[in-house]
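The values are calculated or read from the model by the stated rules, or taken from the named source; none is laboratory data. Small disclaimer: the values here were computed from a predicted structure and weren't measured. Here Cβ is always computed from backbone atoms with ideal geometry, including for glycine, and neighbour counts include all displayed protein chains.
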Amino acid sequence: MDNDNNKSESKVSFFQVFGSVLMAMFGVQSEKNRQRDFNKGKLWHYILGGLIFAAAFIGILIVIVQTALSDI
């Protein structure tokens, strides 16, 4: 029973990964969260999160530029 609790506490949640990726895009991260990410997180979660966030950011920029240019 205790092993199940330790396993769930040792995993990094989706929202923690999302928050870490978002803070990485701004270039800020607390030391506590950085240690958690390196010790308990999986690399591919952060890579996938970064790729999704970057694609969404580029998509939003494209929509904004297209909207601005269509009004001219």
*Does region 22-31 contain at least one residue that is small (Gly, Ala, Ser), in a helix (DSSP H, G or I) and either touching a Lys or Arg at 6+ places or on another chain (Cβ under 7 Å) or modelled with pLDDT of 90 or more (or both)?*
no
*Just to be sure, is Val12 of a type in the set (A, V, I, L, M, F, W, C), surrounded by 14 or more Cβ atoms within 10 Å (Cβ to Cβ) and not in a helix (DSSP H, G or I)?*
yes
*Across region 55-72, what is the number of residues that are outside any helix (DSSP H, G or I) and under 17 Å from Met23 (Cα atoms)?*
0
*Hey, does region 47-54 have a residue that's modelled with pLDDT under 95 and either among the hydroxyl-bearing types (Ser, Thr, Tyr) or outside any helix (DSSP H, G or I) (or both)?*
no
